[in-house]
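Here it is, the structure, as structure tokens.
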Amino acid sequence: AYQDDPFYYDKFPDGFLWSTATSSYQIEGGWNSSEKGENIWDRFTHTCCHIEDNSTGDVACDSYNKIQDDVQLLKSLGVSHYRFSISWSRIMADGTNATIKSGGIDYYNRLINALKKANIEPMVTLYHWDLPQALQDIGGWENELLVGYFNEYARTCFKRFGDRVKLWLTFNEPFVVVWVGLGFGAHAPGISDRPGEAPYKAAHTIIKSHAEAWHTYDNEFRSTQKGRISITLDSDWKGPKDPNSADDKAASERAMQFKLGWFANPIFKNGDYPDVMKELIANKSAEEGRSTSRLPEFTESEKLRIKGTFDFFGLNHYTTQLITTQYRSDKKPNYGSDMDAKESQDPSWQRAGSSWLYVVPWGLRALLNWIKDNYGNPELYITENGVSDRNASLQDDHRVEFYRNYINNVLKAIKKDGCNVKGYTAWSLMDNFEWAAGYTEKFGLHYVDFSDPARPRKAKKSAEFYKQLIKDNGFNAPTSASAPTVGPR
Ligand code: GBH
């Protein structure tokens, strides 16, 4: 079993990509600079009381004014790539071509140029959750018109930045957009009244939006710009609670299909939702007396247009759950009960600063193998992985241990299992605005002092560890003189 496999000393393949990540709303600040338009996170944080510490991203890490500082941190880490996102309403105030803002375009040009000068390749996410408010006002992702608006936005980014950006991601974690934002409402825009409908409808628009943007790149830019483009999906590993129980194994499979398969099956497999989702939601919809399923259907031509719209698999991963079957009869239809599954955690698992995050390093290896088996072993980049705490200590030994053990499981997945992993990204470059948790949960390799207007950054122990790991491109076998300071788990 993966959990019993001892620590593995070896190097990553030559050319393995090492990166770290941030996102626009979480770090930039400058929320109303350069004619930037309002986005849904501006609106959400400016309205009481959605955020744990009542904070906002108005200033955040002030990265809008600190390009040189951030690039300096990246240089010091020695990463080959930096993953950041573009704030849609910073370059198009109302989300459309009618309101292109040169100040916003200029900011990203300066950032990209500073990275290239430092020999760091940008990996750019187009949508990391900060939708222009004007587009939410017409219904947000539940409105299919957004397919066209997103395509225009994507085209503008390819045109303006694609001469220098060679790796693109359309969406970050569409699951979180539709479930946390439009299902139970803990994220902007905070919609929770139709948890069995809105998420499915919005996911449908997002999948089509992704596919159109991929085709735009493929048709209009690929031959000249020679970059690659895909989507980043988040997935936990949802394993069977009892690995010997056929029922738990089936429940685990359902939970995986409802989370990762929802988006991955259409894009990476066959243009359509997983069979188990189609079947369960159609049955429940019929029992509810509806004439059509709450899960929308793709037409045959849409399926063909969606299937295969990837150049690699982007994966964000943090944690693991154990799954059993559970039939829940909610008053209202709910995505959460559609899958007939319930999750729990092993009481022995170490906790982190976020209530949802349990430290389970082998879960990443299990997930990478599941992806390999389900989607034909695609070339894969881990675009986020990391751990939180709630203290300001630079001595973050638990984070060193997290990275050491999770990254070791990536290495095992490559060397022992043949998973086609090409790169790894640590979340995050620095402490930042952690969405509904505000500044209470910290994921950074660097500490940021949010009480100081200058927002100084300081390397934590984990930054030093990551830097050495990148330099070694893996793990050197311990000699008696250099026993590891943090032991394998
Ligand atoms: C990623 O989401 C994001 O891409 C990144 O921006 C973020 O900073 C990072 O992880 C760390 O969270 O407590 O019930 O409101 C990971 C998926 C989605 C997990 C939101 C936590 C909160 C659920 N996250 N979820 S709840």
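Among the numbered criteria (1) out of contact with any Ser or Thr (no Cβ under 8 Å at 6 or more places or on another chain); (2) on the phi > 0 side of the Ramachandran plot; (3) of a type outside the set (Phe, Trp, Tyr), which one does GLY95 miss?
(1)
Since THR47 meets every condition but one in (1) within 23 Å of PHE158 (Cβ to Cβ); (2) surrounded by fewer than 23 Cβ atoms within 10 Å (Cβ to Cβ); (3) among the polar types (S, T, N, Q), which condition does it not meet?
Going through (1) within 23 Å of PHE158 (Cβ to Cβ); (2) surrounded by fewer than 23 Cβ atoms within 10 Å (Cβ to Cβ); (3) among the polar types (S, T, N, Q) one by one, THR47 breaks only (1).
Still on this structure, I have one more. Show the residue pairs meeting these rules: Cβ distance below 8 Å; 6+ apart or different chains; first residue within segment 188-200 and within 13 Å of PHE175 (Cα to Cα); second residue buried (at least 17 other Cβ atoms within 10 Å of the Cβ) and acidic (Asp, Glu).
These pairs meet every condition: ALA198/GLU142.
Look through segment 421-443, keep the residues that are out of contact with any helix residue (DSSP H, G or I) (no Cβ under 7 Å at 6 or more places or on another chain) and closer than 26 Å to PHE313 by Cβ, and return whichever of them is surrounded by the fewest Cβ atoms within 10 Å (Cβ to Cβ).
The qualifying residue surrounded by the fewest Cβ atoms within 10 Å (Cβ to Cβ) is LYS422.
Counting only residues that are touching a helix residue (DSSP H, G or I) at 6+ places or on another chain (Cβ under 6 Å) and buried (at least 17 other Cβ atoms within 10 Å of the Cβ), give me the helices (runs of 4 or more DSSP H) lying completely in segment 224-329 with at least 2 of them.
Helices (runs of 4 or more DSSP H) meeting the threshold: 275-287, 300-306.
Among the candidates LEU77, LEU111, which residue alone is farther than 22 Å from GLY15 by Cα, among the aliphatic types (A, V, I, L, M) and touching a helix residue (DSSP H, G or I) at 6+ places or on another chain (Cβ under 7 Å)?
LEU111
When you look at ALA154, is it modelled with pLDDT of 95 or more, over 15 Å from ASN334 (Cα atoms), assigned to a helix (DSSP H, G or I) and among the small types (Gly, Ala, Ser), yes or no?
yes
Moving to a separate point now. Any idea how many residues of segment 13-45 are part of a loop (DSSP other than H, G, I, E, B) and in contact with a Leu (Cβ under 6 Å, 6 or more places away or on another chain)?
Summing the residues that are part of a loop (DSSP other than H, G, I, E, B) and in contact with a Leu (Cβ under 6 Å, 6 or more places away or on another chain) in segment 13-45 gives 1.
To continue, here is another question. Out of everything in segment 435-478 that is in contact (Cβ under 8 Å) with a residue 60 or more places away in the chain and in contact with a Pro (Cβ under 8 Å, 6 or more places away or on another chain), what residue ends up being nearest to the ligand (Cβ to nearest atom)?
Within segment 435-478, the match that is nearest to the ligand (Cβ to nearest atom) is VAL448.
Name every residue in segment 201-223 that is surrounded by fewer than 19 Cβ atoms within 10 Å (Cβ to Cβ) and of a type in the set (Gly, Ala, Ser), in order of residue number.
Correct list: SER223 only.
Here is a further query. Give just the number: which of (1) among the hydrophobic types (A, V, I, L, M, F, W, C); (2) outside any strand (DSSP E or B); (3) out of contact with any Ser or Thr (no Cβ under 6 Å at 6 or more places or on another chain); (4) within 14 Å of the ligand (Cβ to nearest atom) does PHE184 not satisfy?
Here PHE184 meets the rest and fails (3).
The values are calculated or read from the model by the stated rules, or taken from the named source; none is laboratory data. Keep in mind the model is a prediction, meaning the values are calculated, not measured. All Cβ positions, even for glycine, are placed from backbone atoms using ideal geometry, and neighbour counts span all protein chains on display.
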